[in-house]
Amino acid sequence: MSVNTTSANTTSLSASVGVGGSTPEQELARLSDMTRGVEGITAQEYRARIDKAQQLMRQQGITAIYLNAGTNLYYFTGTRWYASERMVGAILPAEGELEYIAPAFELDTLKGYMAIEGRVNCWHEDESPYGLFVQRLGELGISQGKLAMDESAAFFIFDGVRQLAPEFEFVNGKTITAACRMIKSETELVLLQRAKDMTLEVHKAAARILHEGITVGEVESFIHQAHKAVGAPAGSYFCIVLFGEDSAYPHGVKSPKTLELNDTVLIDTGCQLHGYNSDITRTYVYGTPSERQRQLWQLEQDAQLAAFEAAKVGAPCSSVDRAARDVIEQAGFGPGYDLPGLPHRTGHGIGLDIHEWPYLVLNDHTPLAPGMCFSNEPMLCVPGEFGVRHEDHFYMTESGPKWFTQPAHSIDNPFGY
């Protein structure tokens, strides 16, 4: 990026690349709500998800599944409730209607959040929710067989039920939940697309407010407000901002540095739209890139594009990770997950959880199928120097992968202005 030094203390970057030269107030004024016209999941789709889960349960010989508060409960029922020390969730039998279990004092509140209504089995604070759970299974005619437990449920819930129901064979609910959630519907793809569009605009705005001496906290605060400005009610779901050598550490450092001229800039952030996540990383240079920065920036993009090209319907997830890793290893990094090189998986599934099944990693052999959505981020980490992470997402179609957002254009013009 071309730099014009106007004084000893002031540096402005070329407006053509959109990095530096603007104020937070100016950038926030440019942004507008991008959520108009986008609808959430309908009750009809929630019911279709329940039907699919019950079909899978019957195929696998599972009598019932417990869905804990969190994204699994939300996915199947539209009930947004966060996990805590109290048992709140749903009982989904292989045959019959879904029911809830919750503290009695939360009954009216819980009903207000339900998209799918159902009987609520209540327990008081001095009563055992696990006993109530087992009792209700018996009343539903379920007294033995395979009982699936939500894989995200805390151990104390599983242990409480297990001690009272030794006659059951307990199995991992992931065989039901993941099998449903990893294949996105058209509505889910629309929500994911819009969330990512929102975050990409926030990235562009964040790049324009950079200046020497700006702190990580200042950039994070701006990104949070910018996400609100484009329509994310809660602002940023997460935000990682790294400058210079700090960018070599994928998830940040204890004491981040302020921005200096010619620093590598790595920003990884996202928001939620109706619970669905965006997660985009951009890496560029504030100032004039060195030859080393150019070389590694391009190597990272070559690895990202190799991963995309390897994503074929029916191929294992591991093959995508292998393709990206081969590019980086052939350039002399690694081998494997060693540093300097690519220390983590190439990508993760995304949906209601920012990281969900399946994963683009060497030990995940799940066949790629239409409707699966992934991050593509084979980060190149060089401790002592800097790191480069290009993160965009794609989804699988019958004819192969399709980008949600296009990869960065170049180190000199990352946003394609």
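The values are calculated or read from the model by the stated rules, or taken from the named source; none is laboratory data. Being a predicted model, the structure only gives us computed values, none of them experimental. Every residue, glycine as well, gets a Cβ built from its backbone with ideal geometry; the counts of neighbours run over all protein chains shown. For accessibility, only protein heavy atoms count, side chains too; no ligands or nucleic acids. Shrake-Rupley method; radii C 1.70, N 1.55, O 1.52, S 1.80 Å.
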Mind checking which of PHE105, PHE394, PHE168 has the largest fluctuation in a GNM of the chain, springs on alpha carbons under 10 Å? PHE105
Specify the inter-centroid distance of the stretch 207-264 and the stretch 130-156, based on alpha-carbon positions, in whole Å. 45 Å
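For the stretch 211-326, what class follows from the C-alpha gyration tensor (a ≥ b ≥ c being the square roots of its eigenvalues): rounded when a/c is under 1.5, otherwise prolate if a/b is larger than b/c, else oblate?
Working: a/c = 2.48, a/b = 1.19, b/c = 2.09.
Cα axes put the stretch 211-326 in the oblate bin.
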Using a 1.4 Å probe on the protein heavy atoms only, what accessible surface does LEU132 show? Give it in Å² to the nearest 10. 30 Å²
Give the separation of the Cα centroids, the stretch 301-354 to the stretch 371-392, in Å. 9 Å
Determine the dipole magnitude for the chain: charges of +1 sit on the beta-carbon of Lys and Arg, -1 on that of Asp and Glu, nothing else is charged, the reference point is the Cα centre, and the result goes in debye to the nearest 20. 580 debye
Calculate, for the stretch 269-417, the solvent-accessible area per residue in square angstrom, rolling a 1.4 angstrom probe over the heavy atoms of the protein chains. 33 Å²
What percent of all Cα-Cα pairs in the stretch 79-153 falls into each 10 Å bin, going from 0 up to the bin containing the maximum distance? 17, 54, 28, 1
Give a residue-ordered list of calculated ³J(HN,Hα) values for the stretch 144-151 (Karplus: 6.51 cos²θ - 1.76 cosθ + 1.60, θ = phi - 60°; whole Hz; x for Gly, Pro). 6, x, 7, 10, 8, 10, 3, 5
I want to verify a result. In a Gaussian network model of the chain, Cα cutoff 10 Å, which of these has the top mean-square fluctuation: GLY231, GLY138, GLY270? GLY138
Acute angle (nearest 10 degrees) that the helix 186-208 long axis makes with the longest principal axis of the chain, alpha-carbon atoms: 30 degrees
Compare SER278, SER236, SER128 in a GNM of the chain, Cα atoms joined below 10 Å, and give the one with the largest fluctuation. SER128
Taking Cα pairs closer than 8 Å and at least 6 residues apart, the relative contact order of the chain in percent is 15 percent
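Please state the shape class of the stretch 366-417: rounded when a/c is under 1.5, otherwise prolate if a/b exceeds b/c and oblate if not, all from the C-alpha gyration tensor.
On the way: a/c = 4.55, a/b = 1.62, b/c = 2.81.
Judged from the Cα gyration tensor, the stretch 366-417 comes out oblate (a/c at least 1.5, b/c at or above a/b).
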Total charge of the residues flanking MET396 in space, meaning their Cβ is under 12 Å from its Cβ, with Lys and Arg +1 and Asp and Glu -1, is +2
Would you rank TYR359, TYR113, TYR74 by solvent-accessible area, highest first, keeping every protein chain in place and using a 1.4 Å probe? TYR113, TYR359, TYR74
Using only C-alpha atoms and all pairs of different ones, pull out the Kirkwood radius for the chain in Å with one decimal. 23.1 Å
Carbon plus sulfur, as percent of the 1.4 Å-probe accessible area of the chain, comes to 50 percent
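What's the longest uninterrupted piece of the chain once you rule out the trypsin sites (Lys or Arg not before Pro) that are loop residues per DSSP with at most 16 other Cβ within 10 Å?
The segment 120-253 is the longest one with no such site.
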Unsatisfied cross-links (Cα-Cα over 30 Å) in the set LYS184/LYS228; LYS228/LYS257; LYS196/LYS254; LYS254/LYS312; LYS52/LYS111; LYS254/LYS402: LYS254/LYS312; LYS254/LYS402
Pairs of Cα atoms under 8 Å, at least six residues apart: use those to get the relative contact order of the stretch 299-415, whole percent. 26 percent
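Rounded to the nearest 0.05, what FRET efficiency do GLN330 and ARG119 give with R0 = 51 Å and r taken as the Cβ-Cβ distance? Could you check? Show your work: numbers first, answer last.
Numbers: r = 59 Å, r/R0 = 1.17.
Efficiency, rounded to the nearest 0.05: 0.30.
What is the gain in length, in nm to one decimal, between ALA369 and THR42 on full extension, counting 0.36 nm per residue of separation less the C-alpha to C-alpha distance?
Values: separation 327, 0.36 × 327 = 117.72 nm, distance 2.40 nm.
The span from ALA369 to THR42 would gain 115.3 nm if fully extended.
Only helical DSSP H runs with n ≥ 4 go in: add -39500 (n - 2.57) per run for the chain, normalise by residue count and round the 222 nm mean residue ellipticity to 500 deg cm²/dmol.
Working: 11 runs with 139 residues, N = 417.
Taking each H run of at least 4 residues, the total per residue is -10500 deg cm²/dmol.
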Need one number: the % of Cα-Cα pairs in the stretch 104-187 sitting beyond the 14 Å mark. 72 percent
For the stretch 93-191, what relative contact order do you get, as a whole percent, if you take Cα pairs closer than 8 Å and at least 6 residues apart? 22 percent
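On full extension of the chain, what length is gained from GLN26 through ARG58, given 0.36 nm per residue of separation minus the C-alpha to C-alpha distance? Present the calculation step by step, with values, prior to reporting the outcome.
Values: separation 32, 0.36 × 32 = 11.52 nm, distance 5.71 nm.
The GLN26-ARG58 span can extend by a further 5.8 nm.
Shape verdict for the stretch 27-90, please, from the Cα gyration tensor: rounded (a/c under 1.5), prolate (a/b greater than b/c) or oblate.
On the way: a/c = 3.92, a/b = 1.85, b/c = 2.11.
Since a/c reaches 1.5 but b/c is at least a/b, the shape of the stretch 27-90 is classed as oblate.
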Tilt of helix 216-229 relative to the longest C-alpha principal axis of the chain, in degrees (0 to 90, nearest 10)? 60 degrees
